[in-house]
Amino acid sequence: MFIPRTAIFARQGNEYLLIKGAPTKRLWAGKYNGIGGHVERGEDVLASAQRELLEETGLTADLWLCGTVFVDAGETGICLFVFCGENTQGEIKASEEGGVEWVTKEAILHLPAVEDLPVLLDRIHNMQRGDPPFSARSYYDENDELMVVFTATSSVRS
């Protein structure tokens, strides 16, 4: 069984809009991550991504599906629908989820970030609207190292 979630990476050139998790969050407090959340009952994944982007940042953007990642989290996993966003409009605002800021791709390597963030950004950085979406599986190996395996490519260690 999988829980559907969205991850949105709005971008402007070499910068990505990321959220730094609020200190009160149960998961990823103080860590940088893409924008996103659960797909609510009655909405499709694009509508979910648009809603999450607006709720967490105050922005809208032209979104397109970059890929899917099946996150093996035990008995119940996560099906993560990864979106890129361009042409952002609106005024940035923080939410109860955390503060939002534009961060360069290079700076992410020096910030406290969720473990798979650099791997996903490397994958989507050169993608353009109309490129075929990727498919990947994410899991921890026997050494407790995160593995993200993309279809038809070799595995990438974070």
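Below is a table of values for the structure above.
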quantity	calculated
Residues located in the stretch 44-66, provided they are over 21 Å from Ala94 (Cα atoms) and either polar (S, T, N, Q) or touching a Lys or Arg at 6+ places or on another chain (Cβ under 7 Å) (or both)	Trp64
Residues that are in contact with a strand residue (DSSP E or B) (Cβ under 9 Å, 6 or more places away or on another chain), more than 11 Å from Ile108 (Cα to Cα) and either in a loop (DSSP other than H, G, I, E, B) or of a type in the set (A, V, I, L, M, F, W, C) (or both), drawn from the stretch 25-39	Lys25, Leu27, Trp28, Ala29, Gly30, Gly34, Ile35, Val39
Matching residues in the stretch 25-54 - criterion: being in contact with an Asp or Glu (Cβ under 8 Å, 6 or more places away or on another chain) and either of a type in the set (Asp, Glu) or without any contact (Cβ under 8 Å) to a residue 24 or more places away in the chain (or both)	Arg51
The lone exception for Val114 - which of (1) exposed (fewer than 15 other Cβ atoms within 10 Å of the Cβ); (2) touching a Lys or Arg at 6+ places or on another chain (Cβ under 9 Å); (3) hydrophobic (A, V, I, L, M, F, W, C) it fails	(1)
Considering residues of the stretch 128-138 that are farther than 14 Å from Ala7 by Cβ and under 16 Å from the mean Cα position of the chain (by Cα) only, the residue surrounded by the fewest Cβ atoms within 10 Å (Cβ to Cβ)	Ser135
Counted residues, the stretch 79-100 - those being surrounded by fewer than 17 Cβ atoms within 10 Å (Cβ to Cβ) and either part of a loop (DSSP other than H, G, I, E, B) or not hydroxyl-bearing (Ser, Thr, Tyr) (or both)	11
Only one of Gly67, Gly21 that is closer than 24 Å to Ser138 by Cα, small (Gly, Ala, Ser), modelled with pLDDT of 95 or more and surrounded by 18 or more Cβ atoms within 10 Å (Cβ to Cβ)	Gly67
Test: residue in the stretch 15-32 that is closer than 23 Å to Met127 by Cα and of a type in the set (S, T, N, Q)	no
Number of the exception - Ala73 against (1) farther than 22 Å from Val39 by Cα; (2) assigned to a loop (DSSP other than H, G, I, E, B); (3) within 17 Å of the chain's Cα centre (by Cα)	(1)
Residue that is among the acidic types (Asp, Glu) and free of Cβ contacts under 8 Å to residues at least 12 places away in the same chain, where the choices are Asp144, Asp116	Asp144
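A quick yes/no check of all residues on (1) closer than 17 Å to Pro133 by Cβ; (2) modelled with pLDDT of 95 or more:
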residue: Phe9; (1), (2): yes, yes
residue: Arg26; (1), (2): no, no
residue: Ala29; (1), (2): no, no
residue: Ser48; (1), (2): yes, yes
residue: Gln89; (1), (2): no, yes
residue: Glu96; (1), (2): no, no
residue: Val100; (1), (2): no, yes
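The values are calculated or read from the model by the stated rules, or taken from the named source; none is laboratory data. Not measured: the values here are computed from a predicted model. Glycine also receives a Cβ, built like all others from the backbone with ideal geometry; neighbour counts cover every protein chain displayed.
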